[in-house]
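K.L.:
Before I ask anything, here is the structure I am working with.
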Amino acid sequence: MSIGHTLLGLLESGPRHGYDLKRAFDEKFGHDRPLHYGQVYSTMSRLLKNGLVEVDGIESGGGPERKRYAITDAGITDVEQWLATPEKPEPYLQSTLYTKIVLALLTHRDAADILDTQRAEHLRSMRILTDRKRRGDLADQLICDHALFHLEADLRWLELAAARLDKLKAAVHT
Amino acid sequence: MNAPGGSLLVAEGLRKAYGPTMALDGAEFSIHPGEVVAVMGPSGSGKSTLLHCLAGIVTPDSGSIMYDGQDLATMSDAQRSRLRRSDFGFVFQFGQLVPELTCVENVALPLRLNGAPRKQAERTALEWMQRLEVDDLGRKRPGEVSGGQGQRVAVARSLVTDPRVLFADEPTGALDSLNGERVMELLTEAARSANAAVVLVTHEARVAAYSDREIVVRDGKSRDMERVI
Ligand SMILES: Nc1ncnc2c1ncn2[C@@H]1O[C@H](COP(=O)(O)OP(=O)(O)O)[C@@H](O)[C@H]1O
Ligand SMILES: [Mg+2]
């Protein structure tokens, strides 16, 4: 998962301090893996260097986590692009997608569209695998089947998530 | 004359209510000659209703359906059923074979109904059964063959009249993975070699992966997934 894009997405609703960003990240996405301050600091300095955020103010007497960051227009475009680009289909990508959907809902973007884009990308991969399976030998068939069943499971998850978007939206905004 | 863009079958703004239920609520569809299009979506979303409208089995409350330049709404019932017999083929999930007839008689039935002599009809039927790899079941009755074999016989029957559009509604819905896969391989191969377009209704992604492209139906509305990315 892209920590940089996630932190950027969290900044879209308004400027935040480093420690506030970490807390928001841990609360929403860091269930089993909270961020270290070092990760926040290195990520934010990279985003600063790339002009995706700017420093909006510094609390007195503080270290890097005391800086207040604001997203720039270039940062918003960057989040926009990341959300709109489907993930390369591979098993277990749900946590990235989950993050994208939550961020889309938080920033009032079309989360259903993100799910549909991913759905189309998955089916595209499944077509290629099905075609390869058709031409291949038994080993090809088994390898492709393994991938196909995993992609199918992802796709079911995408459909379930699409059906539950309204509920998730309500939960995300509380 | 074909519809704009070379489509063989085009539907726009389809609505169909069953009492308070909006089965279709502005659905669209189009398919080119020889193309395989999957119609996906959750159960109850309107997939079968869409297929029935496209095939002229159900009349929509509003919207238009053009087949090969003809408006289905302006045709009489008799014209529509003639069109179904001459240009369309059908495969459903269950129970389509006549239990009293042998498999080869089942496959030959559409030709017989169109007036073909028995011998000639059964010869053509056997050719199709060969393509579907069930020609050895000719003398058996549907009750004596497995689910996967029965479904392949049904596919042979749906293609025996050389239809331009094959309508398949959950054709593998009652089969296990392996048999479902074999039916899909043979169905798409046979349809492609006959240049028949296929409207493939399925809620299973692995079945839809045999198509050229997909549309998704949700709450009676369709979404063309080619336009998503
Ligand atoms: N003949 C009918 N009479 C009453 N309701 C119907 C009829 N056919 C379909 N419906 C309703 O219309 C909706 C769509 O059904 P259908 O097209 O069969 O969906 P799907 O094939 O996607 O499962 C469902 O709510 C279903 O109950
Ligand atoms: Mg149905």
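K.L.:
Around residue B:164, with a cut-off of 12 angstrom between Cβ atoms, what is the net charge of the other residues, counting Lys and Arg +1 and Asp and Glu -1?
P.N.:
Details: positive: B:84; negative: B:35, B:68, B:87, B:162.
Net charge in that neighbourhood comes out at -3.
K.L.:
Report D for the stretch A:3-84 in µm² per second (integer): Stokes-Einstein, Kirkwood Rh on Cα pairs, 20 °C, 1.002 mPa s. Before the final figure, lay out the partial values.
P.N.:
Working: Rh = 12.6 Å.
D = 171 µm²/s.
K.L.:
Computed on protein heavy atoms with a 1.4 Å probe, what is the summed buried accessible area for the chain pair B and A, in Å² to the nearest 100?
P.N.:
Values: alone 10900 and 10220 Å², together 19280 Å².
Counting both chains, the buried surface is close to 1800 Å².
K.L.:
Which far-off residues, 5 or more places away or on another chain, put their amide H under 5 Å from the one on residue B:228, with H placed in the peptide plane?
P.N.:
Correct list: empty.
K.L.:
Taking a virtual spin label 7 Å from the Cα of residue A:55 along the C-beta vector, which residues in the stretch A:16-36 bring their backbone nitrogen under 15 Å of it?
P.N.:
What the label zone holds, given the 15 Å backbone N cut-off, is A:16-19.
K.L.:
Here is a follow-up. Measure nothing fancy, just the Cα-based angle from helix A:138-163's long axis to the longest principal axis of chain A, in degrees from 0 to 90, nearest 10.
P.N.:
In chain A, helix A:138-163 runs at an angle near 50 degrees to the longest axis.
K.L.:
Near the amide H of residue A:136, under 5 Å away, which other amide H atoms are found, from residues 5 or more places off or on another chain, if H is placed in the peptide plane?
P.N.:
Here the answer is none, since no amide H 5 or more places off falls under 5 Å of that of residue A:136.
K.L.:
Which whole-Hz couplings ³J(HN,Hα) result when phi for each residue of the stretch B:48-54 is put into the Karplus expression 6.51 cos²θ - 1.76 cosθ + 1.60, θ = phi - 60°, listed in order with x for Gly and Pro?
P.N.:
Listing the rounded values in order: 5, 4, 4, 4, 5, 5, 4 Hz.
K.L.:
Treating the stretch A:53-174 as a set of equal point scatterers at the Cα positions, no solvent, please give the Debye-formula log₁₀ I(q)/I(0) at q = 0.17 Å⁻¹.
P.N.:
Evaluating at q = 0.17 Å⁻¹ gives log10 I(q)/I(0) of -0.90.
K.L.:
While we're looking at this one, here's another question. For chain A, find the longest principal axis of its Cα atoms and tell me its angle to the long axis of helix A:111-135, 0 to 90°, nearest 10.
P.N.:
Roughly 30 degrees between the two axes.
K.L.:
Pick from A:36, A:17, A:150: which residue has the top mean-square fluctuation in a GNM of chain A where Cα pairs under 10 Å get a spring?
P.N.:
Of the options given, A:36 has the highest mean-square fluctuation.
K.L.:
For Cα pairs less than 8 Å apart in space and 6+ apart in sequence, what is the mean separation divided by the residue count of chain A, i.e. the relative contact order in percent?
P.N.:
On the way: 185 pairs, mean separation 36.1, N = 174.
Once normalised by length, the contact order is 21 percent.
K.L.:
Continuing with this model, one more query. Nearest 5 is fine: what % of DSSP beta bridges in the protein assembly as shown come out antiparallel, could you say? Walk me through the intermediate numbers first.
P.N.:
Details: 26 of 43 bridges.
That works out to approximately 60 percent antiparallel.
K.L.:
Give me the angle, in degrees from 0 to 90, between the Cα long axis of helix B:77-87 and the longest principal axis of the Cα atoms of chain B, rounded to the nearest 10.
P.N.:
Between the helix axis and the principal axis of chain B, the angle is about 60 degrees.
K.L.:
Can you classify the stretch B:89-156 as rounded, prolate or oblate using the Cα gyration tensor, where a ≥ b ≥ c are the square roots of its eigenvalues, rounded means a/c under 1.5, and otherwise it's prolate if a/b beats b/c and oblate if not? Write out the running numbers ahead of the final one.
P.N.:
Details: a/c = 1.56, a/b = 1.38, b/c = 1.13.
Prolate.
K.L.:
Once phi is turned into θ = phi - 60°, what whole-Hz ³J(HN,Hα) does the Karplus curve with 6.51, -1.76 and 1.60 give for every residue of the stretch A:32-45, x standing for Gly and Pro?
P.N.:
Going residue by residue, I get 9, 9, x, 6, 8, 4, x, 5, 4, 5, 5, 5, 5, 6 Hz, with x marking Gly and Pro.
K.L.:
How many nm separate the modelled label positions at residue A:42 and residue A:174, each set 7 Å beyond the Cα in the direction of the Cβ?
P.N.:
3.7
The values are calculated or read from the model by the stated rules, or taken from the named source; none is laboratory data. The model shown is predicted, which means the values in this text are computed figures rather than measured ones. FYI the Cβ positions are ideal-geometry reconstructions off the backbone, even for glycines, and counts take in every protein chain you see. Heavy atoms of the whole protein, side chains included, go into the accessibility calculation; ligands, DNA and RNA do not. Shrake-Rupley method; radii C 1.70, N 1.55, O 1.52, S 1.80 Å.
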